[in-house]
Amino acid sequence: MYRTHRREFLKTSAAIAGAAAVVRPAVAAGTQSPSDRIRVAVVGLGGRGRRSHCDALQQMADQNVEIAALCDCDENRMNAAAEEREKASGKRPALYADYRKLLEDKSIDAVALATPNHWHALETIWACQAGKDVYVEKPASHNIFEGRKMVEAARKYGRIVQTGTQCRSSPKIREGIQKLKQGVIGRVYMARGIAFKLRAGGRNDIGPAPPGMNWDLWLGPAQEAPYNKLAVFRWRFLKDYGNGEIGDQGVHQLDIIRWGLELDTHPTRVQSMGGSLVHDDDEDTPGNQLFAAEFGDRRVLVQFETRNWMTNDEAGMGTKYPFVDQRNVVGVIFFGTEGYMIIPDYSSYHTFLGRDRQPGPSDSVPGAPMMDLDQFQNWIRAVRSRNFADLYSDIEEGHKSAALCHLANIAYTAGRTLQFDPVKERFVGDPEADKLLTRDYRAPYVVPSEV
């Protein structure tokens, strides 16, 4: 489907010792019954991996789930996480600085990936090829080409791949989406997502990598660059490693929008504009961004907006209905012919009906929890059933939701409205925009055209 760097990859791989192990590890059996212990490795031990992933998996110990290994290219961070897990479980996990070595461990059944976005695709594809199931953080991919390759790998190797868009596991949001589809606010004609987050910018901080940090492994598929502390701590806002605010926070809300509007295909027309309007910094993704998308003959419009500094609330979100972090205004508004619905966090919904906006059906979980445990439990159930249809956030859904973020960023970079072919996953008559569907990969960390 894509003309990528396959030729360069074939030339380079022949010269790399052990290239077969790098590109396609041996396939393991990987079939579990409900009574079998599932041994999971957590990869990437920053905030999400060290806290959310490890804590959720630890809570599943009584369900025969074990954190069997930890992996991070920063050995100091990895050792600190290992001490925490040993204290919590009484057993120290195996430790791997190099993810490729972890994949050679046939006792590991599955991996939970909480690494920066630019690593998601290659780690997922390698894991599928090694016969291991995958939980991969959002957004699923760093670009559209990668997302499709992840789906192909999951299907080819029969692996269970869950994306970390955990709103799909929220019982309250699931209830709200069901009511939306039943017509609680009439015919839904538009959805708007927002991510107004009080974020400061950052400056490059270049120097030698600290002891214990393997910078080459951190860079992985990205191009060679000197160690940069800004990249390590704010990679989300550097386009070589992340996808900006719309890819970090916005993918949750765009996923809810796709779900609520039953959008099972990519948009056909997209536009985006914005920029760094507040901070004078070295981050190269837009702090303020507007995005709009149309979907062929579907009578719906999708909008999204990010802001990274002082802001008002919207539809009560951020004041009456605060997000997890009350400084921020985040959520989704569905507009219908009979009213509107808001989903202001990870675990609630509220409706307002008629011209007077009378309160309608609503429900919430106190504290607006992020539902990480529910999402991991859904993944483990599917790992045991071996049926990817049991997943709330299968990689196909993750790819389509991430693609909205990627299309927004491509339209922003191109500076013009773009027409997109949702079947071919290419732009219509626009080879310049097509170049932004993928990236230049650094051997041997190449996402292959054939998985």
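Results, tabulated for the structure shown:
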| read-out | value |
| --- | --- |
| Residue that is touching a Cys at 6+ places or on another chain (Cβ under 7 Å), within 22 Å of Ile38 (Cα to Cα) and surrounded by 24 or more Cβ atoms within 10 Å (Cβ to Cβ), where the choices are Ala154, Ala110 | Ala154 |
| Inter-residue pairs, beta-carbon under 6 Å, first more than 18 Å from Asp55 (Cα to Cα) and touching a residue at least 40 places away in the same chain (Cβ under 8 Å) and in region 105-117, second crowded, with 23+ Cβ neighbours inside 10 Å and small (Gly, Ala, Ser), 6+ apart | Ile108/Ala41 |
| Of all residues making up region 156-182, the number that are touching a residue at least 60 places away in the same chain (Cβ under 8 Å) and part of a helix (DSSP H, G or I) | 14 |
| Filter pass, Arg355 being assigned to a loop (DSSP other than H, G, I, E, B), in contact with a strand residue (DSSP E or B) (Cβ under 7 Å, 6 or more places away or on another chain) and surrounded by fewer than 23 Cβ atoms within 10 Å (Cβ to Cβ) | no |
| Matching entry among Tyr227, Tyr241 (being modelled with pLDDT of 95 or more and crowded, with 17+ Cβ neighbours inside 10 Å) | Tyr241 |
| Lys179 being touching an Asp or Glu at 6+ places or on another chain (Cβ under 8 Å), basic (Lys, Arg) and modelled with pLDDT of 95 or more | no |
| Conditions (1) at pLDDT below 95; (2) closer than 30 Å to Leu238 by Cα; (3) acidic (Asp, Glu); number of the one not met by Asp36 | (2) |
| Ile380 vs. criteria crowded, with 21+ Cβ neighbours inside 10 Å and farther than 29 Å from Arg269 by Cα | yes |
| Residues located in region 350-393, provided they are of a type in the set (Asp, Glu) and within 28 Å of Thr319 (Cβ to Cβ) | Asp356, Asp363, Asp372, Asp374 |
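Results for (1) closer than 24 Å to Tyr241 by Cβ; (2) assigned to a loop (DSSP other than H, G, I, E, B); (3) touching a residue at least 24 places away in the same chain (Cβ under 8 Å), shown as yes or no for each residue.
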{"position": "Ser272", "(1), (2), (3)": "yes, no, yes"}
{"position": "His279", "(1), (2), (3)": "yes, yes, yes"}
{"position": "Asp282", "(1), (2), (3)": "yes, yes, yes"}
{"position": "Thr285", "(1), (2), (3)": "yes, yes, yes"}
{"position": "Phe291", "(1), (2), (3)": "yes, no, yes"}
{"position": "Arg298", "(1), (2), (3)": "no, yes, yes"}
{"position": "Phe304", "(1), (2), (3)": "yes, no, yes"}
{"position": "Thr319", "(1), (2), (3)": "no, yes, no"}
{"position": "Ile333", "(1), (2), (3)": "no, no, yes"}
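The values are calculated or read from the model by the stated rules, or taken from the named source; none is laboratory data. Since this is a predicted model, take the numbers as computed values, not measurements. Every residue, glycine as well, gets a Cβ built from its backbone with ideal geometry; the counts of neighbours run over all protein chains shown.
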